[in-house]
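A.B. asks: Got a structure here, written out as structure tokens. Questions coming.
The values are calculated or read from the model by the stated rules, or taken from the named source; none is laboratory data. Computed from a predicted structure; not experimentally measured. Here Cβ is always computed from backbone atoms with ideal geometry, including for glycine, and neighbour counts include all displayed protein chains. The accessibility values were calculated without ligands, DNA or RNA, using every heavy atom of the protein model including side chains. Shrake-Rupley method; radii C 1.70, N 1.55, O 1.52, S 1.80 Å.
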Amino acid sequence: MSGDVDQTDVDLPITGACHCGAVTFEMNVRPRHAIECNCSICRSLGAVWGHGNAGNIVVRADPGATISYSHGERDLAFHTCRTCGSTTHWEAVRGASRGRMAVNLRLAAPGTIKALGHRHFDGAESWTFLD
Ligand SMILES: [Zn+2]
């Protein structure tokens, strides 16, 4: 399918791992973009997210290998490796987004973010893209 650029520029699955390797992920679909968000939590974590449905993302980690953090409405659980401190993914555990997840593409192969298209989302205010 020429013209279907979305399917040709990133090899699937997209894989990533925290710095120490205790937590790994595999994303079996191409996220629409690589999204950096300026809301309070994303700004703190410095993550660039690849969003998808939970059914298309596999996270492998021993039980207790991550610290889970939720704030505000507590709809999202952000996971950080307990050993090396890398934030690996979030999971919508309740609310309207339940079933959605995102992986931190900064932990994927170099070039992945650029290949997906690095976009900036204004999660702090307007909930629109800034670019
Ligand atoms: Zn780690």
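A.B. asks: Which numbered condition in (1) out of contact with any Gly (no Cβ under 7 Å at 6 or more places or on another chain); (2) open to solvent by less than 60 Å² (accessible area, probe 1.4 Å) is the only one that Cys39 fails?
C.D. replies: Evaluating Cys39 over (1) out of contact with any Gly (no Cβ under 7 Å at 6 or more places or on another chain); (2) open to solvent by less than 60 Å² (accessible area, probe 1.4 Å) leaves (1) as the failure.
A.B. asks: Could you tell me whether region 102-109 includes any residue that is surrounded by fewer than 17 Cβ atoms within 10 Å (Cβ to Cβ) and either away from the ligand (no atom under 16 Å from the Cβ) or β-branched (Val, Ile, Thr) (or both)? Quick ask: steps written out before the conclusion?
C.D. replies: We begin by selecting, within region 102-109, every residue surrounded by fewer than 17 Cβ atoms within 10 Å (Cβ to Cβ); these are 109.
Imposing the further condition that a residue be either away from the ligand (no atom under 16 Å from the Cβ) or β-branched (Val, Ile, Thr) (or both) reduces the set to 109.
Among the residues of region 102-109, at least one is surrounded by fewer than 17 Cβ atoms within 10 Å (Cβ to Cβ) and either away from the ligand (no atom under 16 Å from the Cβ) or β-branched (Val, Ile, Thr) (or both), which makes the answer yes.
A.B. asks: Within the set of pairs 6+ apart or on separate chains, which have a first residue in region 107-126 that is under 18 Å from Thr87 (Cα atoms), a second that is open to solvent by 30 Å² or more (accessible area, probe 1.4 Å) and among the polar types (S, T, N, Q), and C-beta atoms under 8 Å apart?
C.D. replies: Listed by first residue and then by second, the contacts come to Ala108/Thr15; Ala109/Thr15.
A.B. asks: Among the residues of region 43-54, which ones are open to solvent by 10 Å² or more (accessible area, probe 1.4 Å), in contact (Cβ under 8 Å) with a residue 24 or more places away in the chain and not in a strand (DSSP E or B)?
C.D. replies: Passing the criteria: Arg43, Leu45, Gly46, Ala54.
A.B. asks: May I pose another question? Just to be sure before I move on: is Leu76 free of Cβ contacts under 8 Å to residues at least 60 places away in the same chain and touching a Lys or Arg at 6+ places or on another chain (Cβ under 7 Å) in the structure I sent?
C.D. replies: Details: free of Cβ contacts under 8 Å to residues at least 60 places away in the same chain: yes; touching a Lys or Arg at 6+ places or on another chain (Cβ under 7 Å): no.
Taking the combined requirement at face value, the residue does not satisfy it.
A.B. asks: Further question: I'd like to check something: does region 80-98 contain any residue that is under 26 Å from Gly21 (Cα atoms), in contact with a Pro (Cβ under 9 Å, 6 or more places away or on another chain) and open to solvent by 20 Å² or more (accessible area, probe 1.4 Å)? Quick ask: steps written out before the conclusion?
C.D. replies: Looking only at region 80-98, we keep the residues that are under 26 Å from Gly21 (Cα atoms), and these are 80-93.
Subset that is in contact with a Pro (Cβ under 9 Å, 6 or more places away or on another chain): none.
Checked against the condition, which is being under 26 Å from Gly21 (Cα atoms), in contact with a Pro (Cβ under 9 Å, 6 or more places away or on another chain) and open to solvent by 20 Å² or more (accessible area, probe 1.4 Å), region 80-98 yields no hits at all.
A.B. asks: Of (1) on the phi < 0 side of the Ramachandran plot; (2) surrounded by fewer than 20 Cβ atoms within 10 Å (Cβ to Cβ); (3) more than 16 Å from the ligand (Cβ to nearest atom), Arg30 satisfies all except one. Which?
C.D. replies: So the condition that Arg30 fails would be (2).
A.B. asks: Please determine whether any residue of region 72-79 is farther than 16 Å from Arg106 by Cα and either of a type in the set (Ser, Thr, Tyr) or open to solvent by less than 30 Å² (accessible area, probe 1.4 Å) (or both). Before you say what the answer is, go through the steps one by one.
C.D. replies: So in region 72-79, the residues farther than 16 Å from Arg106 by Cα come out as 72-77.
Next cut, either of a type in the set (Ser, Thr, Tyr) or open to solvent by less than 30 Å² (accessible area, probe 1.4 Å) (or both) only: 77.
Checked against the condition, which is being farther than 16 Å from Arg106 by Cα and either of a type in the set (Ser, Thr, Tyr) or open to solvent by less than 30 Å² (accessible area, probe 1.4 Å) (or both), region 72-79 yields at least one hit.
A.B. asks: Please pick out the residue among Met101, Met27 that is in contact (Cβ under 8 Å) with a residue 40 or more places away in the chain and either touching a helix residue (DSSP H, G or I) at 6+ places or on another chain (Cβ under 6 Å) or basic (Lys, Arg) (or both).
C.D. replies: Details: Met27 fails: either touching a helix residue (DSSP H, G or I) at 6+ places or on another chain (Cβ under 6 Å) or basic (Lys, Arg) (or both).
None of the others qualify; the one that does is Met101.
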